[in-house]
Amino acid sequence: MDIDAVELRSVREPDLDLLRRFDTEVGLIGPNWYGFRDAGRQRRRFETDGFLGAEDGRLIVAVEDEVAGFVGWNPAGQGAGRYRSIGIALLPEWRGKGVGTRAQQLLCRYLFTHTTVHRLEAGTQPENEAEQRALRRIGFRQEGVLRGAEFRDGGWRDIVVFGLLRGEQPGE
Ligand SMILES: CC(C)(COP(=O)(O)OP(=O)(O)OC[C@H]1O[C@@H](n2cnc3c(N)ncnc32)[C@H](O)[C@@H]1OP(=O)(O)O)[C@@H](O)C(=O)NCCC(=O)NCCS
């Protein structure tokens, strides 16, 4: 697949069906399945600000007009030192083709280009090898393991934390 065909774009009204699916189809979102969510939140958020808030947001991952999934970011940290935590979910048929690596690389570039943020963080499951490999390839460094930091699938589980500072992306 042509990795240059991967792009990020803002959320459009027809994308809401896909976002709702991640809230209501068991496990579609991958290891970040925490149970059913109120799928109406997607339309409410879209009508509020199109998923583009001052400190958080979502963009669609598109490959030649086909929707592959979404990326998102949220505020983390305190006061003037606030940074962003990023995340991604691709549909199963788009996984393992380089799309996740490219999409997160584009998201980091986007946030460093259009905001003054200095640090990006990403947390993932110890067994999520694809995400860890993708983050490392983009330039993230593993910073540590938060023990028992999330309750998922019936148990308390660890989270591996990765960080990327402005200027650390390869090719910058
Ligand atoms: C995690 C995810 C974003 C990775 O994106 P992807 O497009 O599938 O991954 P890529 O094809 O870019 O591959 C990234 C790396 O992982 C490897 N990889 C891909 N699939 C893998 C798998 N199932 N198991 C182990 N390694 C895998 C690739 O070989 C590549 O390694 P390399 O750069 O050393 O060659 C995607 O699989 C996904 O959306 N999964 C479900 C949601 C999720 O887990 N989100 C992150 C939660 S924190």
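The values are calculated or read from the model by the stated rules, or taken from the named source; none is laboratory data. All values derive from a computational prediction rather than experimental measurement. We place every Cβ from the backbone using ideal geometry, glycine too, and count neighbours over all the protein chains shown.
If the condition is being more than 6 Å from the ligand (Cβ to nearest atom), in a helix (DSSP H, G or I) and closer than 20 Å to residue 147 by Cα, then the range 86-133 contributes only 132. Does residue 70 satisfy the condition of being more than 9 Å from the ligand (Cβ to nearest atom), farther than 20 Å from residue 5 by Cα and either hydrophobic (A, V, I, L, M, F, W, C) or modelled with pLDDT of 95 or more (or both)? So residue 70 fails the test. Give me the residue from the range 49-88 that is among the β-branched types (Val, Ile, Thr) and without any contact (Cβ under 8 Å) to a residue 60 or more places away in the chain and, out of that set, surrounded by the most Cβ atoms within 10 Å (Cβ to Cβ). Among them, the one singled out is 61.
Restricting to the range 102-122, what's the tally of residues that are touching a residue at least 40 places away in the same chain (Cβ under 8 Å) and among the polar types (S, T, N, Q)?
From the range 102-122, those touching a residue at least 40 places away in the same chain (Cβ under 8 Å) are 102-103, 105-110, 112, 117-122; that's our starting set.
Next, only the ones that are among the polar types (S, T, N, Q) stay: 105.
Result for the range 102-122: 1.
Of all residues in the range 29-57, those satisfying the criterion of being part of a helix (DSSP H, G or I) and either touching a Leu at 6+ places or on another chain (Cβ under 7 Å) or within 16 Å of the ligand (Cβ to nearest atom) (or both) are 30, 31, 32, 42, 43, 46.
If you check 25, 7, which single one turns out to be charged (D, E, K, R) and closer than 21 Å to residue 101 by Cβ? Talk me through it step by step, then tell me what you get.
Values: 25 fails: closer than 21 Å to residue 101 by Cβ.
The conditions single out 7.
Restricting 151, 140, 162 to residues that are modelled with pLDDT of 95 or more and over 17 Å from the mean Cα position of the chain (by Cα) narrows the list to 151.
Mind checking whether some residue in the range 141-158 is surrounded by 15 or more Cβ atoms within 10 Å (Cβ to Cβ), more than 10 Å from the ligand (Cβ to nearest atom) and polar (S, T, N, Q)? Among the residues of the range 141-158, not one is surrounded by 15 or more Cβ atoms within 10 Å (Cβ to Cβ), more than 10 Å from the ligand (Cβ to nearest atom) and polar (S, T, N, Q), which makes the answer no. Picking from residues in the range 2-28 that are assigned to a strand (DSSP E or B) and of a type in the set (A, V, I, L, M, F, W, C), the one that is nearest to the chain's Cα centre (by Cα) is 8.
Of all residues being small (Gly, Ala, Ser) and free of Cβ contacts under 8 Å to residues at least 24 places away in the same chain in the range 1-48, which is farthest from residue 93 (Cα to Cα)? Just the residue, please.
Result: 40.
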